[in-house]
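Novice: Please see the structure below; I have some questions.
The values are calculated or read from the model by the stated rules, or taken from the named source; none is laboratory data. It should be emphasised that the depicted structure is a prediction, and the values quoted were computed from it without experimental measurement. Glycine also receives a Cβ, built like all others from the backbone with ideal geometry; neighbour counts cover every protein chain displayed.
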Amino acid sequence: MDKLLIRGGKRLSGDVTISGAKNAALPILCAALLTADDLVLSNVPHLQDVVTITGLMKQMGLRVQENGDQMVLNGNDITRPEAPYELVKTMRASILVLGPLLARFGQAKVSLPGGCAIGSRPVDQHIKGLQAMGAEIHIEGGYIYAKAKRLKGARIVTDMITVTGTENLLMAAVLADGETVLENAAREPEVGDLANLLVKMGAKIEGIGTDRLVIQGVEQLHGASHEVIADRIETGTFLCAVAATGGDVTLRRTRAGLLDAALDKLRDAGAILTSGEDWIRIQMARRPKAVSFRTTEYPGFPTDMQAQFMALNCIADGTSHVTETIFENRFMHVQELNRLGTAIDVEGNTAIVTGVEKFIGAPVMATDLRASASLVIAGLAAQGETVVERIYHLDRGYDRMEAKLSAIGADIQRIK
Ligand SMILES: CC(=O)N[C@H]1[C@@H](OP(=O)(O)OP(=O)(O)OC[C@H]2O[C@@H](n3ccc(=O)[nH]c3=O)[C@H](O)[C@@H]2O)O[C@H](CO)[C@@H](O)[C@@H]1O
Ligand SMILES: C=C(OP(=O)(O)O)C(=O)O
């Protein structure tokens, strides 16, 4: 299994190009199931999750051509609307095939994703919403069996704000008969990116970017071209790395407006941030100040940035309170960070982080995607060598992270 060897203490400087967003690319790739025409995508990130979702859809009959960060997908020959457990278990976002398969083919068999390291993560809201649209659904042997001659528009109010739930129901509603209203919809930019693509494919959607999506179903969708938006979590991760090590780095092909809440916290920590239409520059010349925050749905502070900011707080001046409100078990990085000599206590869903002036590298184990990123940031800021094991988690969601970090001066290498 691959590992990362990091020799910490290097200042970071230069330019980094941010990739397309994992959490936009995954639902957008699934939208290829909604049409028999070509979907032409650009800025598709090189990620294991992208390999997994395209592999899953290829075994259904989807044709995929790749060329760098471009991809052409064609769903004319889909014969098996099924998602087997072997593929779904490695990536929960595979549940995103359920809505489009049911909407276009009137049936789907999709493995239940199960929980993961950060929480139990049920998909009851996806199922409840599809049932409200007239789908007959039963669960047997760990699989969701769904069928509906044609889905019918409905008013759906989800119990909580769910990102992939909103995306699944949106992809179902675009081909349903009549009007669907999704209340309490997620407002994450990735939901908006999917909705904008669907409109290009001929869908009728109002309220994009708001918590109320109104969809008039159409008979069929056609092909379209689309560029995936920048990954705001990769952006935030690189910004945290520079804030933790000190330096001067410009991130290209990304946008400050995607992550205002995280940028505010970086400013509070002492970073100087400037930005233009498609770049963000961070200058950090001092020890960071501790920053407290609570994770919430967009536009609040993202749960997917919690671990990386916790690593930053570990070397900051002062004590911070980090409260996780989205997932019940998203502090797996705490024990690993403490192996480097950091000082974090957990009380319920709040971590109390007492900043230390320095920490020393150690072998650590990645437990999930963003936990891995926090260990890389801590390793970059630590003295001596840190070895991060189980980086297959990192490869799920970061596009060539070690190459991008090396290019701005980090001493980091992959050990096969
Ligand atoms: C591929 C993708 O886009 N993943 C993102 C997505 O995950 P994902 O879409 O899985 O997360 P949700 O927004 O659905 O989860 C929010 C909360 O709702 C709960 N819930 C959700 C659905 C449901 O049917 N029942 C239920 O109880 C979850 O357990 C969680 O506590 O949003 C999360 C929250 O911003 C991010 O951390 C993930 O990176
Ligand atoms: C939790 C994440 O992803 P997923 O929903 O794919 O597990 C993430 O991107 O941080």
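Novice: Taking strands (runs of 3 or more DSSP E) that do not extend beyond region 101-160, which have at least 3 residues that are modelled with pLDDT of 95 or more and either touching a His at 6+ places or on another chain (Cβ under 9 Å) or under 18 Å from E219 (Cβ atoms) (or both)? If you could, list the steps in order and put the result at the bottom.
Specialist: On the way: elements: 107-111, 136-140, 143-147, 155-157.
In region 101-160, the matching strands (runs of 3 or more DSSP E) lie at 143-147.
Novice: Before we move on, is A316 over 26 Å from T162 (Cα atoms), of a type outside the set (D, E) and within 16 Å of ligand 2 (Cβ to nearest atom)?
Specialist: No, not satisfied.
Novice: Can you find a residue that is within 13 Å of ligand 2 (Cβ to nearest atom), in contact with a strand residue (DSSP E or B) (Cβ under 8 Å, 6 or more places away or on another chain) and over 20 Å from T158 (Cβ atoms) anywhere in region 76-88?
Specialist: Yes, there is a match, as at least one residue in region 76-88 is within 13 Å of ligand 2 (Cβ to nearest atom), in contact with a strand residue (DSSP E or B) (Cβ under 8 Å, 6 or more places away or on another chain) and over 20 Å from T158 (Cβ atoms).
Novice: Residues T237, T245, T210, T274: which one is of a type outside the set (K, R) and within 30 Å of V181 (Cβ to Cβ)?
Specialist: Only one candidate qualifies: T210.
Novice: Go through K200, K204 for me and flag whichever is surrounded by fewer than 18 Cβ atoms within 10 Å (Cβ to Cβ), under 16 Å from L29 (Cβ atoms) and more than 16 Å from ligand 2 (Cβ to nearest atom). Explain how you work it out, then say what you get.
Specialist: On the way: K204 fails: under 16 Å from L29 (Cβ atoms).
K200 is the lone residue from the list that is surrounded by fewer than 18 Cβ atoms within 10 Å (Cβ to Cβ), under 16 Å from L29 (Cβ atoms) and more than 16 Å from ligand 2 (Cβ to nearest atom).
Novice: Sticking with this structure for a sec: Within region 172-231, track down each residue that is within 21 Å of the chain's Cα centre (by Cα) and among the basic types (K, R).
Specialist: Of everything in region 172-231, just one residue is within 21 Å of the chain's Cα centre (by Cα) and among the basic types (K, R), namely R187.
Novice: Among the numbered conditions (1) surrounded by fewer than 16 Cβ atoms within 10 Å (Cβ to Cβ); (2) over 28 Å from R396 (Cβ atoms); (3) touching a residue at least 24 places away in the same chain (Cβ under 8 Å), tell me where D278 comes up short.
Specialist: Against the list (1) surrounded by fewer than 16 Cβ atoms within 10 Å (Cβ to Cβ); (2) over 28 Å from R396 (Cβ atoms); (3) touching a residue at least 24 places away in the same chain (Cβ under 8 Å), D278 comes up short only on (2).
Residue-by-condition table, conditions (1) of a type outside the set (D, E, K, R); (2) surrounded by fewer than 19 Cβ atoms within 10 Å (Cβ to Cβ):
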position: D177; (1), (2): no, yes
position: L182; (1), (2): yes, no
position: T245; (1), (2): yes, no
position: D248; (1), (2): no, yes
position: L258; (1), (2): yes, no
position: G270; (1), (2): yes, yes
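Novice: Continuing with this model, one more query. Is there any pair linking a residue in region 216-227 that is closer than 19 Å to V72 by Cα to one that is assigned to a strand (DSSP E or B) and small (G, A, S), with Cβ under 7 Å and at least six apart or on different chains, and which?
Specialist: Correct list of pairs: E227/S42.
Novice: Further, regarding this structure: Suppose we filter region 144-180 for residues that are away from ligand 2 (no atom under 16 Å from the Cβ) and polar (S, T, N, Q); how many remain?
Specialist: 2
Novice: What is the residue count in region 369-391 for residues that are away from ligand 1 (no atom under 16 Å from the Cβ) and either without any contact (Cβ under 8 Å) to a residue 12 or more places away in the chain or assigned to a helix (DSSP H, G or I) (or both)? Can you show your working first?
Specialist: Kept after step one, since they are away from ligand 1 (no atom under 16 Å from the Cβ), are these residues of region 369-391: 375-391.
Subsequent filtering for residues that are either without any contact (Cβ under 8 Å) to a residue 12 or more places away in the chain or assigned to a helix (DSSP H, G or I) (or both) retains 375-381.
Total meeting the criteria: 7.
Novice: Follow-up. Is it true that some residue in region 224-242 is more than 26 Å from Q125 (Cα to Cα), out of contact with any His (no Cβ under 9 Å at 6 or more places or on another chain) and surrounded by fewer than 20 Cβ atoms within 10 Å (Cβ to Cβ)?
Specialist: Yes, some residue in region 224-242 is more than 26 Å from Q125 (Cα to Cα), out of contact with any His (no Cβ under 9 Å at 6 or more places or on another chain) and surrounded by fewer than 20 Cβ atoms within 10 Å (Cβ to Cβ).
Novice: On to the next question. Considering only region 392-407, how many residues are outside any helix (DSSP H, G or I) and surrounded by fewer than 22 Cβ atoms within 10 Å (Cβ to Cβ)?
Specialist: Residues meeting the conditions: 2.
Novice: I'd like to know if region 100-115 contains one or more residues that are within 9 Å of ligand 1 (Cβ to nearest atom) and farther than 23 Å from A173 by Cβ.
Specialist: Yes: region 100-115 contains one or more residues that are within 9 Å of ligand 1 (Cβ to nearest atom) and farther than 23 Å from A173 by Cβ.
Novice: Restricting the search to region 123-171, which residues are free of Cβ contacts under 8 Å to residues at least 12 places away in the same chain and touching a helix residue (DSSP H, G or I) at 6+ places or on another chain (Cβ under 7 Å)?
Specialist: The one that is free of Cβ contacts under 8 Å to residues at least 12 places away in the same chain and touching a helix residue (DSSP H, G or I) at 6+ places or on another chain (Cβ under 7 Å): I137.
Novice: How many of the residues making up region 2-36 are within 30 Å of F359 (Cα to Cα), surrounded by fewer than 22 Cβ atoms within 10 Å (Cβ to Cβ) and more than 23 Å from the chain's Cα centre (by Cα)?
Specialist: Residues in region 2-36 being within 30 Å of F359 (Cα to Cα), surrounded by fewer than 22 Cβ atoms within 10 Å (Cβ to Cβ) and more than 23 Å from the chain's Cα centre (by Cα): 7 in total.
Novice: Among A93, A135, which is under 18 Å from the mean Cα position of the chain (by Cα), in the same structural domain as L213 (by TED's automatic domain parsing) and at negative phi?
Specialist: A93
Novice: When the residues of region 37-63 are filtered to those that are in a loop (DSSP other than H, G, I, E, B) and in contact (Cβ under 8 Å) with a residue 60 or more places away in the chain, which remaining residue is surrounded by the fewest Cβ atoms within 10 Å (Cβ to Cβ)? Steps first, answer last, please.
Specialist: At the first step, the residues of region 37-63 found to be in a loop (DSSP other than H, G, I, E, B) are 37, 43-47, 59-62.
Narrowing the set further to residues that are in contact (Cβ under 8 Å) with a residue 60 or more places away in the chain leaves 37, 43-47.
Details: D37: 18, N43: 20, V44: 25, P45: 23, H46: 15, L47: 22.
Applying the filter and picking the extreme gives H46.
Novice: Looking at region 175-188, is at least one residue among the small types (G, A, S) and within 24 Å of E82 (Cα to Cα)?
Specialist: Taking region 175-188 first, the residues among the small types (G, A, S) are 176, 178, 185-186.
If we keep only those that are within 24 Å of E82 (Cα to Cα) as well, we get 176.
Looking through region 175-188, at least one residue is among the small types (G, A, S) and within 24 Å of E82 (Cα to Cα).
Novice: Still on this model: L56 is checked against (1) modelled with pLDDT of 95 or more; (2) touching a Lys or Arg at 6+ places or on another chain (Cβ under 9 Å); (3) within 20 Å of V163 (Cβ to Cβ) and fails just one. What number does that condition carry?
Specialist: With respect to (1) modelled with pLDDT of 95 or more; (2) touching a Lys or Arg at 6+ places or on another chain (Cβ under 9 Å); (3) within 20 Å of V163 (Cβ to Cβ), L56 is out only on (2).
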